[in-house]
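Student: Following this message is one structure expressed as structure tokens.
The values are calculated or read from the model by the stated rules, or taken from the named source; none is laboratory data. Quick caveat: nothing in here was measured; it's all calculated off a predicted structure. Here the Cβ positions follow ideal geometry from the backbone for every residue, glycine too, while neighbour counts run over all protein chains shown.
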Ligand code: DGL
């Protein structure tokens, strides 16, 4: 078209992905810290939880979700899921992105969490609570040793915490047993732990019970704020990405499951009314 600026950059939303509802705890903090951007949330609820699945499956599902968000115009995708960050992020960054579109970016939640551990833990002994997949990958240990070689990271798998949250049982009496069980197992492995990392984006919904059973001196780290601050810093350092992000303060939700089902539980995470649309991933 005559007069059109052929070099104009098309802008898009920030994609936020989780296997289910957990990433909503990250999205909430992203919107608090960076309210001017537009967000597109995708929960693969039909195939959640990912936590006990194999590397191949978590990688396949995560890549499908990233491609879906790219196809909807997102220049940047946040894997708001530790399991996907642990099992799929590196392969997607190193192998898939150069082929799909080297100008787009996919970022995870583990690195921003690890970066502040040295500031928080006085004893240098940190406990990471995560899904079986995240713990089996040892991503927290590996990333922490790179930055803080003297720090001790003890990982604890909590296989039933995500199902408890996804089934709206986080406030129920039955949850107490399994919250206490995994915390006791972690402390039995290393009594010097003075900091817990909630290494799964579902776990903030169990925070009251985690506080109840954690030793009093233990600090509990939720990831939302850390990821949001890290993204703010990233966008400051990468103006070439920042200028590709649309700014309208909007949010849209996609789920691979039934939207009504998603909306009713999602509002527990967001403290707001949610209206999602169905999106097929396979
Ligand atoms: N919310 C995801 C995480 O942060 C895990 C949930 C799942 O098991 O699918 O690890």
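Student: Within segment 228-242, can one find any residue that is surrounded by 14 or more Cβ atoms within 10 Å (Cβ to Cβ) and not in a helix (DSSP H, G or I)?
Tutor: no
Student: Additional query: Can residue 149 be described as within 14 Å of the ligand (Cβ to nearest atom), in a loop (DSSP other than H, G, I, E, B) and out of contact with any strand residue (DSSP E or B) (no Cβ under 9 Å at 6 or more places or on another chain)?
Tutor: No, not satisfied.
Student: Another question, if that's okay. I need the full set of residues from segment 180-203 which are more than 16 Å from the ligand (Cβ to nearest atom) and assigned to a helix (DSSP H, G or I), in order please.
Tutor: Of everything in segment 180-203, those that are more than 16 Å from the ligand (Cβ to nearest atom) and assigned to a helix (DSSP H, G or I) turn out to be 180, 181, 183, 184, 185, 186, 187, 188, 189.
Student: Which count do you get for residues in segment 18-43 that are near the ligand (Cβ under 9 Å from one of its atoms) and not in a loop (DSSP other than H, G, I, E, B)?
Tutor: Counting residues in segment 18-43 that are near the ligand (Cβ under 9 Å from one of its atoms) and not in a loop (DSSP other than H, G, I, E, B) gives 4.
Student: Of the residues in segment 112-125, how many are closer than 19 Å to residue 227 by Cα and either in contact with a strand residue (DSSP E or B) (Cβ under 9 Å, 6 or more places away or on another chain) or surrounded by 16 or more Cβ atoms within 10 Å (Cβ to Cβ) (or both)?
Tutor: Number satisfying all stated conditions: 8.
Student: While we're looking at this one, here's another question. Take the residues in segment 122-140 that are under 12 Å from residue 221 (Cβ atoms) and in contact with a helix residue (DSSP H, G or I) (Cβ under 6 Å, 6 or more places away or on another chain), then tell me which one is nearest to the ligand (Cβ to nearest atom).
Tutor: Filtering segment 122-140 for residues that are under 12 Å from residue 221 (Cβ atoms) and in contact with a helix residue (DSSP H, G or I) (Cβ under 6 Å, 6 or more places away or on another chain), the one nearest to the ligand (Cβ to nearest atom) comes out as 128.
Student: Among the residues of segment 48-60, how many are within 15 Å of residue 81 (Cα to Cα), part of a helix (DSSP H, G or I) and over 16 Å from the mean Cα position of the chain (by Cα)?
Tutor: Of the residues in segment 48-60, 3 are within 15 Å of residue 81 (Cα to Cα), part of a helix (DSSP H, G or I) and over 16 Å from the mean Cα position of the chain (by Cα).
Student: Here's another thing I want to ask about it. Checking the structure you have, find out if any residue of segment 267-279 is exposed (fewer than 15 other Cβ atoms within 10 Å of the Cβ), under 20 Å from residue 77 (Cβ atoms) and touching a strand residue (DSSP E or B) at 6+ places or on another chain (Cβ under 7 Å).
Tutor: Scanning segment 267-279, I find at least one residue that is exposed (fewer than 15 other Cβ atoms within 10 Å of the Cβ), under 20 Å from residue 77 (Cβ atoms) and touching a strand residue (DSSP E or B) at 6+ places or on another chain (Cβ under 7 Å), so the answer is yes.
Student: So, one more: If the requirement is being within 16 Å of the ligand (Cβ to nearest atom) and part of a helix (DSSP H, G or I), which of these qualifies: 207, 220?
Tutor: 207
Student: In the set 165, 128, which member is surrounded by 13 or more Cβ atoms within 10 Å (Cβ to Cβ) and modelled with pLDDT under 95?
Tutor: 165
Student: Could you check, for segment 61-72, whether at least one of its residues is part of a helix (DSSP H, G or I), at pLDDT 95 or above, under 19 Å from residue 254 (Cβ atoms) and within 10 Å of the ligand (Cβ to nearest atom)?
Tutor: Within segment 61-72 (the criterion being part of a helix (DSSP H, G or I), at pLDDT 95 or above, under 19 Å from residue 254 (Cβ atoms) and within 10 Å of the ligand (Cβ to nearest atom)), the answer is yes, since at least one residue qualifies.
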